[in-house]
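Please treat every number below as a calculation from the coordinates, not as lab data. Note that the structure is predicted; figures quoted are calculated from it, not measured. Note that we place each Cβ from the backbone using ideal geometry, even for glycine, and neighbour counts take in every protein chain shown.
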Amino acid sequence: MLMPLEYLAGKMSLRVQQIDCQLETKTKDNVFVCVKVSIQYQVIVDKIYQAHYVLENPEQQMRAYVFDTVRSELTTMTLDAAFASKDEISTSLKAHLAGTMSTFGILIMNTLITDLSPDNTVRDAMNQINTAKRNKQAAYMKAEGDKNIKVKAAEANMESMYLSGAGVAKQRKAIMNGLKESIVEFSSEVGETTPKDVMDLLVLNQYFDTLQDMGSNKNLKCVFLGSDQNAIRSGVLESNAAMNR
């Protein structure tokens, strides 16, 4: 009677396992980057026969799929887009691996892009560009702040000058009204007066006020007078008299 022959063909673990892949590829903007990928997988119990016999080296096969998928994805992205799309690349890689490896009795649990780094010179250049952008933004914000301060100061100065001018106008109007009343009152006794008399008196009053201000101003260096010698002499005497008041 022939006895059945049995032997141990091999052992397979049903635990979740991980393989790490590292590859170098080029982005759309011709920057070479180093990519590190971690794949977590598990043998499917119902397909343990396929997992053991169909593929001679499942890990090597998965690495080949990882290299192919990552390189095909990154060549369509710029470096900045690749950094921003790590999750999308991981999702695409997992979907591609899961659909392929499930037929070989392997369940893909997760795929992670653990690192994506360009060459050191490229990294330094990117840092310098980012620093320059931040400095430019800071300078722009500072300029905007200084501009707002100057605008507010100019608006305040304009408002101050407006109010000062309005005050001077009201002051002169009050002086004119007072002079007019004085002249009207005086003319009722000595004779008739005209609006021109009021204006002449106002101009004469402002003239003497100006002379007084000039005489009391210590920072005054020169005074512009007319070409009439008598007017110059009269102006100097009046200025001195105003200073000595």
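Each other residue within a Cβ distance under 14 Å of residue 136 adds +1 if Lys or Arg and -1 if Asp or Glu, for a net charge of +2. With neighbour counts taken as other beta-carbon atoms within 10 Å, the residues 31, 37, 16 rank, fewest first, as 16, 31, 37.
Cross-link partners for residue 150 among the lysines, with Cα-Cα distance under 17 Å and sequence neighbours closer than 8 places in the same chain left out: 142.
Using the Cβ of residue 102 as centre and a radius below 15 Å, the other residues enclosed give a net charge of +1, where K and R count +1 and D and E count -1. Ordered by the number of other Cβ atoms lying within 10 Å of each residue's own Cβ, fewest first, 41, 65 fall into the sequence 65, 41. Summarising the label geometry, the points placed 7 Å from Cα in the beta-carbon direction at residue 59 and residue 72 lie 2.5 nm from one another. Within a straight-line Cα-Cα reach of under 21 Å, residue 170 can be paired with the following lysines, leaving aside sequence neighbours fewer than 8 residues apart in one chain: 180, 196. Volume per residue of the convex hull around the Cα atoms, evaluated for region 17-118, comes out as 77 Å³.
Take the Cα of residue 36, go 7 Å toward its beta carbon, and the backbone nitrogen atoms of region 99-135 under 20 Å from that spot belong to 110-124. Taking trypsin sites (Lys or Arg not before Pro) across region 38-143, none is in a DSSP loop with at most 12 further Cβ atoms lying within 10 angstrom of its Cβ.
How high is the FRET efficiency between residue 140 and residue 18 when r is their beta carbon distance and R₀ equals 45 Å, given to the nearest 0.05? Efficiency for this residue pair is about 0.40.
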